[in-house]
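Everything on this sheet refers to the single structure shown next.
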Amino acid sequence: MSSVVFKSNIGALCARRYPLILSQPSKILLSAKIRSFSRISANQLSNNCSRVNVNSFTRLHSPALPLAQKFYSSSSAPYTIKNIRNVGIIAHVDHGKTTMVDALLKQAGLLSNSANSKDTLVMDSNELEKERGMTILSKVTSFMYKDHRINIVDTPGHADFGGEVERILSMVDGVVLVTDATEGPMAQTKFVLTKALQYNLCPIVVLNKIDRETSRPDEVDSELLELFMALDASDKQMDYPLLYASAKQGWSTDSLESANQLIKNPPSTPHMEPLLNKIIDFVPHPMKGNPDFNPESNQFKMLVTQIEPNSYLGRCYLGRIESGKIKVGDPIKSLTPPIEEAVSTPPVSEVGRVTKIMLRRGLEVEEIEQAIAGDIVLLSGLKTASINYTICSNDVTEPLPFVPIDPPTVSMSFGVNDSPLAGKEGSMLTSTVIRDRLLREAETNIALQIVQSGSSDSFEVRGRGELQLSILIETMRREGFELSVSPPRVLLRKDPDDPHGKKIQEPIEEAVIDVDSDMAGVVIEKLTKRKAEMKKYLDVADKARLIFHIPTRGLLGYQSELKNDTRGTGALTHSFLSYEEYKGPIEKARKGSLVATGSVGACTTYALNLIEPRGKLFIKPGDVVYPGMIVGEYNKDQGDLEVNPTKAKQLTNIRTVHKDERAQLTPVQQWTLEEAISYVNPGEKIEVTPTKIRLRKQELDPTRRKQLSRRSSSDLEYLQ
């Protein structure tokens, strides 16, 4: 065999993974690009290629095993710690994570296999998750398969909920990266994979929705390989197993030939064994490769990653046990995470005893008497511990380390509803109630930050994006709160490398837009005005994929504009990229507003018929309005126009032979919360109540409003 010249570690990886390819009697020059060759050749040679298989661990019944090496289920059958697998499901939004978990639970016999069964997307148990068809909160479940207990963590796919992904990765030993076989890797795919690689996790790649006619598995595989290389993945991480699946039909396979056969003849029962077998073989058990993991230690330690309230038990703390064992009744305490490195001994937050130990099995919560290191459990018995706290035995003095999550990039002000209609539709009205609710939310959602603003009646809430904050507002609205919410603002910061502190930085995001090819021009034009820089233009199936680097400020309010420009066919996804130098002011393209004047009252058809030629109306006859409320959009870009929508027709005793003209008003589309957040400009507010969403001016008095309009506002006012 001729000598082989390797130009990179990637070439060496190919030599290990595809030895038959390199055994040909010819000299091959392997460059970094060789990892992006089509996997068609690899699939054809898969029967001859060598594979490294991890030995499966069988069930052990020996009573001589130490207690720390056993896991006791409800059936009191002992399992070694090597029979536990902790794995997270990560993907871009709508690539099929939750459907994949459904298929795994059906394979384990915990969900019905009937086609008419309502057991679909069972992990999306939140009311808003069911309505929107998206995962908002990370959730944990477990099931038994081949004498192994597999703990599955379902994570959100939207960039705004990236904090849920970041904190949950500390509990798992491997991840399943689900990618749409048609769309390929998207913005959030890059984000979640980056975080997984930072935790030194080795992913299993699953190309989902392979049964679609538009699927392109070989091209998507090449794109994934290029993404791994761009993220500086190690050779071990790049040597990932590849599976093909249709989570909706409930099957998976490790070869493209088998996938084509299953597409033609889909199985009537779940066929997820290839993925489950790969999880058992590929994902390491908690002890493997973790020098800090000590199941034999007498010191119990667990890092809190999630808090679940319980009306009977109080707070239940979810986390993975890092060392030792725990039984019901054992004394425990909580250690606060160190705020500064100078703090040698962290203060003890609370001391108590374990009242319950629980684990999730399928859709049920099961109580157990004891748990060991490596397991993901729920504990109760403490009242004040929070996320990133360490729950431990009394002899422990040092808390567990944790990886801080990325900082928030967007903020909004939540305040008391001070409109003339305040208190008529909600029950939670005061600033004290709003503050307590926001603080409770910040305890369980560490991606949010609550800051007291200059006014005692408003609070600044900082988060990852508009969607994350709108979910919080919608949740509070359904709980009976009335709020006055400001438009979202981007958080700027001073350059930490600038000794003089004069350079300003702003968050930059990677935006991926899929549109029809004939509409790409208008999208590029609009985003260029918003300081975006186009990085790639790709043809994906019958769509054009545009990849931009754009300031977060440029994306605020663009979702609705994209919907109008592409007639509802454009799809926008984005994720945080980095902080860069401030790009300068961005001109707002929105026109002026029609602002109500006069008095509080119901608007009339007569008045609206006179106002409608001036612009687009947001209200209909009979709606109650008040001075300062925004009732429409002005046709001209010449500032705001004050109108009186409550004006009634004057009645007289003079008879006339002319009949009144019948007014025909254009139907009004009700605001959604996301649309309202995208629409409002600085100097305006959103009035949110359990039944209505109204737009209004921040200052209701017209004289005072004109005085404030003379003052120019700048984004530089919102430095962190």
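When 516, 640 are arranged by Cβ crowding within 10 Å, least crowded first, meaning fewest neighbours, the order is 516, 640.
Sort 136-148, 603-615 for me by packing, meaning the mean count of neighbouring Cβ atoms within 10 Å per residue, highest on top.
On the way: 136-148: 20.5, 603-615: 17.9.
Result, highest mean Cβ count within 10 Å first: 136-148, 603-615.
Quick one: net charge around residue 435, please, counting Lys, Arg +1 and Asp, Glu -1 for every other residue with C-beta under 14 Å from its C-beta. Taking every Cβ under 14 Å from that of residue 435, the sum is -3.
For segment 310-450, the relative contact order works out to 25 percent when only alpha carbon pairs closer than 8 Å and six or more residues apart are counted.
Of all aspartates and glutamates in the structure, the ones whose alpha carbon falls short of 17 Å from that of residue 692, not counting any fewer than 8 places away in one chain, are 418, 425, 474, 479, 482, 623, 674, 675, 684. Working note: Karplus 6.51/-1.76/1.60 with θ = phi - 60° gives segment 457-473 the couplings 9, 9, 9, 8, 10, 10, x, 7, x, 4, 5, 4, 6, 5, 5, 5, 4 Hz, where Gly and Pro are set to x. Segment residue 450..residue 365, full-extension length gain: 27.4 nm, with 0.36 nm per residue of separation and the alpha-carbon distance subtracted. The H on the amide N of residue 417, modeled in the peptide plane, is under 5 Å from the matching H of 484, each at least 5 residues off or on a different chain.
How much net charge surrounds residue 187 when only the other residues with a Cβ under 9 Å from the Cβ of residue 187 are counted, with Lys and Arg +1 and Asp and Glu -1?
Details: positive: 190; negative: 509, 510.
Taking every other residue near residue 187 into account, the sum is -1.
Stretching the chain fully between residue 533 and residue 669 yields a gain of 45.6 nm (0.36 nm per residue, less the alpha carbon separation).
Estimated translational diffusion coefficient (Stokes-Einstein, Kirkwood radius over Cα pairs, 37 °C, 0.692 mPa s) of segment 367-432: 186 µm² per second.
In terms of other Cβ atoms within 10 Å, 180, 623 run from fewest to most in the order 623, 180.
Which net charge results when you count Lys and Arg as +1 and Asp and Glu as -1 among the other residues whose beta-carbon is under 10 Å from that of residue 472? It would help to have the intermediate numbers written out before the result.
Numbers: positive: 437, 477; negative: 441, 474.
Taking every other residue near residue 472 into account, the sum is 0.
Projecting the alpha carbon convex hull of segment 464-518 along each direction and taking the average yields 7.5 nm².
Can I get the semi-axes of segment 493-581's equivalent ellipsoid? Compute them from the C-alpha gyration tensor as square roots of 5 times the eigenvalues, in angstrom, largest first.
Values: eigenvalues 168, 31, 18 Å².
Ellipsoid half-lengths, sorted descending, are 29, 12, 10 Å.
Using the Karplus relation 6.51 cos²θ - 1.76 cosθ + 1.60 with θ = phi - 60°, the per-residue 3J(HN,Hα) values for segment 363-369 come to 9, 9, 9, 10, 7, 10, 8 Hz, with x marking Gly and Pro.
Using only side-chain charges placed at the Cβ, +1 for Lys and Arg and -1 for Asp and Glu, the dipole size of segment 301-392 relative to its Cα centre rounds to 160 debye. Within straight-line reach of residue 543, meaning a Cα separation under 16 Å, sit the following lysines at least 8 residues removed in sequence or on another chain: 563.
Going down the table (139/278; 236/278; 583/636; 209/264; 195/278; 494/536), which pairs top 25 Å between alpha carbons? Don't skip to the end; give the middle numbers.
Details: 139/278 22 Å; 236/278 16 Å; 583/636 28 Å; 209/264 14 Å; 195/278 22 Å; 494/536 30 Å.
Beyond 25 Å: 583/636; 494/536.
Between residue 652 and residue 703, the C-beta separation translates, for a Förster distance of 35 Å, into a calculated FRET efficiency of about 0.55. Here segment 67-282 was treated as a single set of alpha-carbon atoms; its pair distances binned every 5 Å from 0 give 1, 7, 15, 19, 21, 17, 11, 5, 2, 0, 0 percent. Extending 7 Å from Cα along the Cβ direction at residue 475 and again at residue 147 yields two label points whose distance is 4.2 nm. Site pair residue 547 and residue 383 shows an inter-label distance of 5.3 nm when each label is modelled 7 Å from Cα along Cα→Cβ.
Of 701, 173, how do they rank once you tally other Cβ atoms within 10 Å and put the fewest first? Could you put the intermediate results ahead of the total?
Numbers: 701 12, 173 25.
Ordered from fewest to most neighbouring Cβ atoms within 10 Å, 701, 173 come out as 701, 173.
Calculated on the Cα set of segment 301-392, radius of gyration then Dmax: 12.9, 44 Å. Building the convex hull from the alpha-carbon atoms of segment 206-329 and averaging its projection over directions returns 12.4 nm². One way to sum up the overall shape of segment 365-517 is the equivalent ellipsoid from its Cα gyration tensor, whose semi-axes run 33, 26, 19 Å, largest first.
Only the coordinates and a few stated rules stand behind these numbers; no lab work does. If you're wondering where the values come from, they're calculated on a predicted model, not measured in any experiment. Neighbour counts run over all protein chains shown; Cβ positions are idealised from the backbone, glycine included.
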